[in-house]
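A short worksheet on the structure shown next.
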Amino acid sequence: MENWFKISRHVYFLGESKINDDRRVTVTSALPYIHGVPHLGNIVGSLLPADIYHRYLDIRGIDNIYICGSDVHGTPLELEALEQDMPVEKLAEQQDEKVKDVLDRMEMDFTFWGNTDSDYNRKQTHDMFEELYVNGYINEKEQNLPYCNNDERFLPDRYIEGECPHCGGLARGDQCDECGKLIEPEEIVEPECQICGGNDIEFKDTTHLYLDLPKFKAELEEWIENADPQPVPDSIINEVKNAIENTEQRCITRDINWGFEIPTERVNKRIEDEELEVEKIDEDRYEDKVLYVWFDAPIGYIGFTREYFAQQGNEEEWKDYWTDSDVHYSIGKDNTIFHTVIWPSMLKGSSTEEIDYEMPHYEFIQQYLLAEDTQFSKSRGTGLSTSDALDMYPADYWRFYLARKIPQDHDTKFSWEDFEAEINNVLNDTVGNFVNRTLSLAEQWFDNEVPVGDFENADEQALEEAGDAVENYVEAFEDHNLKKGLEHAIELARIGDRYLSEEEPWNNEDRRAETIHVSLQIIRSLGVTLYPFTPETTERIEDMLNADIHAS
Ligand SMILES: [Zn+2]
Ligand SMILES: [Zn+2]
């Protein structure tokens, strides 16, 4: 069939030959912290845009991986394990299963799903720590921190709670839950230890390691100014420049047990072997401390990639995806500083001659999706949970709606009214009716064969318009505008529907072959272009085309 698949010239699907595009792309999204299950705000804020982009690369035939996993270290999970009196590893495993299950139901197409407590991530974390240390990017500083005399241990982060000195609300560690102000632990009124519940707390000096971020300022400024494309959305660029300008040293260790040990021995051995002019780390001093969760969590992106390729039987291939690849991230705006200042600094500072880590090529940075009146929040339990949402409606409905609402430039409000309008009027009416109407006519008139006819101007024009829509779709994605990409996919249905209504093949028997042929082609492109957003709908369209409609 000469004209079959004519307008899908930029996309391929299931078995068609790939177009020539030798890019290699790594896609990741902020790793969900597994103290709780991602709510819809998390889905649209980080995971979904990455999944959409990864699926887009797939239909373009571009070599890519989508890497993600659970972020499991840190205080909240350790505290909960204490409360539940179970080993933290076990709690992490349970939570990981819950999170993964809900993301599977949401049709997230991960190439690999890991968790940050893995051996590969430990190896990668220690590799990067060692490079940062021997290159002089890690310093030691003293801190004065709360210490529980009863438990004989320090109380970092949320291990200490009390009254906020500003508003009287609940202050946890270094932040007030009510007013959101950052506070110093010393300022907390009537502090209480979260392990024993007591208040025999004193402040003691303790030594910690700091990442010397100001040393990367010049390199980061050069990156954010000159990288092509600009690596973050316009709406956030000034905030990023300010963050780089005002960067400070960051503490990367904690006085807790749950996390990766600090590789003091191995670093000191390297210093000795290579006779480096760096001071060794005091091994005793760091024996009971671990690397802070925020140090090893982003390293998980690379650690998981290593694990994935190792499982594929190749211990080296991960390097291709981190040294010669366009690395894309999808994160919520509350993660901006970590991904535009801290993580890029870690990448720069741990690069070697052999492994020169790629700086972020592009970061999808989403604003917030707000529940009807308030922000979705995992810790406060507001908003609709993802599993409740999936109990009510299929994943495609949520993916479609959320993709329409991706808060690309500003906070966006979720409302049921809006949800119903998008699903009923756009997905079901515009897209669904055009597909169903065409397919039932094809069955009725042509017994599910693809008919051949002599094209008139109107037919050529409809194909032309559809071809343009596909081209605009590709352009929107290349511009990292996912919402606009979806708009162009929907446009295909509008073009097809208008064309059918204007040509009225039901009143005009001579025109039936051409109009059905053209409409089927448009449906096929529609199915392909919807794939990143609504994979199950695409599969249904594919099934209908392959099973019931075949080229004659
Ligand atoms: Zn407060
Ligand atoms: Zn205590």
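The values are calculated or read from the model by the stated rules, or taken from the named source; none is laboratory data. Just so it is clear, the structure is predicted and the values come from calculations on it, not from any experiment. Methodologically, a virtual Cβ is constructed for each residue, glycine included, from the backbone with ideal geometry; neighbour enumeration extends over all protein chains shown. In case anyone asks, the SASA skips ligands and DNA or RNA and just uses the protein heavy atoms, side chains included. Shrake-Rupley method; radii C 1.70, N 1.55, O 1.52, S 1.80 Å.
Observations
- Placing +1 on the Cβ of every Lys and Arg and -1 on the Cβ of every Asp and Glu, with no other charges, gives the range 73-151 a dipole of roughly 140 debye about its Cα centre.
- Residues whose placed amide H lies under 5 Å from that of ILE34, excluding near-sequence neighbours: ASP71
- Inter-part distance where the range 421-493 and the range 181-206 are each reduced to a Cα centre, Å: 61 Å
- Descending semi-axes in whole angstrom, ellipsoid equivalent of the range 393-484, from the Cα gyration tensor: 32, 20, 10
- Summarised in one figure, the compactness ratio Rg/Rh of the range 489-552, Cα atoms and Kirkwood Rh, is 1.01.
- Per-residue HN-Hα couplings for the range 36-44 [Karplus 6.51, -1.76, 1.60; θ = phi - 60°; Hz; x = Gly/Pro]: x, 10, x, 8, 4, x, 5, 4, 6
- Projecting the Cα atoms of ILE271, LEU47, SER415 onto the charge dipole of the chain, computed from C-beta unit charges around the Cα centre, puts SER415 farthest toward the positive end.
- As an equivalent ellipsoid, the range 331-453 spans semi-axes of 41, 25, 12 angstrom, where each value is the square root of five times an eigenvalue of the C-alpha gyration tensor, largest first.
- Rounded accessible area per residue of the chain, 1.4 Å, Å²: 44 Å²
- Inverse mean reciprocal Cα-Cα distance (Kirkwood Rh) of the range 92-250, Å: 19.7 Å
- Viscosity 0.692 mPa s, 37 °C: Kirkwood-radius Stokes-Einstein D of the range 245-313 over Cα pairs, µm²/s: 228 µm²/s
- Amide H contacts under 5 Å for ASN64: VAL25, restricted to partners 5 or more places along the chain or on a different chain, H placed in the peptide plane at 1.01 Å from N.
- 3J(HN,Hα) couplings calculated from phi for the range 86-99 with the Karplus curve 6.51 cos²θ - 1.76 cosθ + 1.60 (θ = phi - 60°) are, in sequence order, 9, x, 4, 4, 6, 4, 4, 4, 4, 5, 4, 5, 4, 5 Hz; Gly and Pro show x.
- When the alpha-carbon atoms of the range 26-154 are used, the pair Rg, Dmax equals 18.3, 61 angstrom.
- Solution diffusion estimate, µm²/s, Stokes-Einstein, the range 52-100, Kirkwood Rh from C-alpha pairs, 4 °C, viscosity 1.567 mPa s: 99 µm²/s
- Rounded to the nearest 20 debye, dipole of the range 133-223 from Cβ charges on Lys, Arg, Asp, Glu: 240 debye
- Accessible surface of the chain, 1.4 Å probe, proportion on carbon and sulfur as whole %: 38 percent
- 5 angstrom amide H check on LEU370, placed H, neighbours 5+ away: THR412, LYS413, PHE414
- Derived value for the range 107-177: Kirkwood hydrodynamic radius 16.4 Å. Basis is the mean of 1/r over every pair of different alpha-carbon atoms.
- Backbone phi angles across the range 267-283, fed through the Karplus curve with coefficients 6.51, -1.76 and 1.60 (θ = phi - 60°), yield HN-Hα couplings of 5, 5, 5, 4, 4, 5, 4, 9, 6, 7, 8, 10, 5, 6, 8, 5, 5 Hz in residue order; Gly and Pro are listed as x.
- Working from the Cα coordinates of the chain, the gyration tensor eigenvalues give, after taking √(5λ), semi-axes of 51, 26, 19 Å in decreasing order.
- Relative contact order [Cα under 8 Å, 6+ residues apart], the chain, whole percent: 19 percent
- With all pairs of separate Cα atoms included, the range 401-552 yields a Kirkwood hydrodynamic radius of 16.1 Å.
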